[in-house]
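See below for the structure under consideration.
The values are calculated or read from the model by the stated rules, or taken from the named source; none is laboratory data. Since the model is a prediction, treat every value here as computed from it, not as a measurement. Backbone-built Cβ (ideal geometry, glycine too); neighbour counts: all protein chains shown. For the accessible areas, the whole protein counts, side chains as well, though only heavy atoms, and no ligand, DNA or RNA atoms are used. Shrake-Rupley method; radii C 1.70, N 1.55, O 1.52, S 1.80 Å.
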Amino acid sequence: NLKISGGMRISQFNGKTLISAGEKAVVKISNFILTADFSRSQRIPSAAEGFDLKEEEHLLALTEIKWYKDLTNISIAVFARNINSPIINELIFNEADLPINTISNNGTSKQIFGANTEINTVFFKNINLSLFAQVYKSNTDEKEDKRFPLLYAGGTCFYEMKFWASILRLGTTIYVISGKKGMQFVPQKRVYVDYQYQSNFNFNGVEVFARAKLGDAYVKVAYQNALDRGYFFVPIYPQIDANFRLSFSWAFMN
């Protein structure tokens, strides 16, 4: 009923020795599973950021409690991450107010706090429902930066039919994202910079899907963003408009 695990990684690059380590404990009590995890890791700056910068130090702690019974399970988790000497990238603008480059420096600290809950259940024998919700709060140098949405939530519901060894699932997925500033990706330097504008509350426009297992073959059909919504995970990189996707795989050597 008790599992303890851990690990350590030692690496050396550009004359610097980095040590990362973590440990985890899982306790099972009746229908409950309790998990606690703590880790420390380091990240050196990239060539684009400049090797003369100080490496980041990450401290991450999380804990989770999960309850399960028959075909239902519910979990609640909280976490906190602190980053010492975070590498902060900023855009440099020319006289025409156009971005021409980035500059990188070490900040004092960054923090991310969050919690999430998830429910998975089966009712009426063939209807599967999965719901999740996550909340975040993030700071840079003790000031709220809204890098992550305050709320990210959604769910999937599908009807499952079984025909001997074959399975067909018909369902839909929807999720919502509250307003956030996020971080903009700069492909030329392969770095992220803080975005100055805040997005509005939005959702994924609903995805409708059909998934089938036919012997050793798998077929997936989906109509994503059916309502043709404009929404973002990363600023300036919008998700695709309403689109149809089909995938097929067959392990024919089995």
Residues that are modelled with pLDDT under 90 and among the acidic types (Asp, Glu), drawn from the range 184-235: Asp216
Boolean, Ser41 is farther than 25 Å from Tyr195 by Cα and under 22 Å from the mean Cα position of the chain (by Cα): yes
Positions within the range 209-231 being surrounded by 13 or more Cβ atoms within 10 Å (Cβ to Cβ) and either in contact with an Asp or Glu (Cβ under 8 Å, 6 or more places away or on another chain) or of a type in the set (A, V, I, L, M, F, W, C) (or both), in sequence order: Phe209, Ala210, Ala212, Leu214, Ala217, Val219, Val221, Ala222, Tyr223, Gln224, Asn225, Ala226
Among (1) on the phi < 0 side of the Ramachandran plot; (2) in contact with a strand residue (DSSP E or B) (Cβ under 6 Å, 6 or more places away or on another chain) - the single one Ile236 does not satisfy: (1)
Positions within the range 163-182 being of a type outside the set (Val, Ile, Thr), under 19 Å from the mean Cα position of the chain (by Cα) and open to solvent by less than 50 Å² (accessible area, probe 1.4 Å), in sequence order: Tyr175, Ser178, Gly179, Lys180, Gly182
Some residue of the range 145-160 being under 25 Å from the mean Cα position of the chain (by Cα), assigned to a strand (DSSP E or B) and without any contact (Cβ under 8 Å) to a residue 24 or more places away in the chain: yes
Count of residues meeting criterion [open to solvent by 60 Å² or more (accessible area, probe 1.4 Å) and at pLDDT below 95] in the range 41-64: 5
The range 201-219, subset assigned to a strand (DSSP E or B), within 14 Å of Asn243 (Cα to Cα) and of a type outside the set (Val, Ile, Thr), residue nearest to the chain's Cα centre (by Cα): Glu207
Residue that is touching a residue at least 60 places away in the same chain (Cβ under 8 Å), open to solvent by less than 50 Å² (accessible area, probe 1.4 Å) and either aromatic (Phe, Trp, Tyr) or within 30 Å of Asp145 (Cα to Cα) (or both), where the choices are Val193, Val234, Val206: Val193
Those residues of the range 96-144 which are acidic (Asp, Glu), within 27 Å of Phe79 (Cβ to Cβ) and not in a strand (DSSP E or B), in sequence order: Asp141, Glu142
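For the range 65-95, what are the residues that are assigned to a loop (DSSP other than H, G, I, E, B) and open to solvent by less than 70 Å² (accessible area, probe 1.4 Å)?
Passing the criteria: Ser85, Pro86, Asn94.
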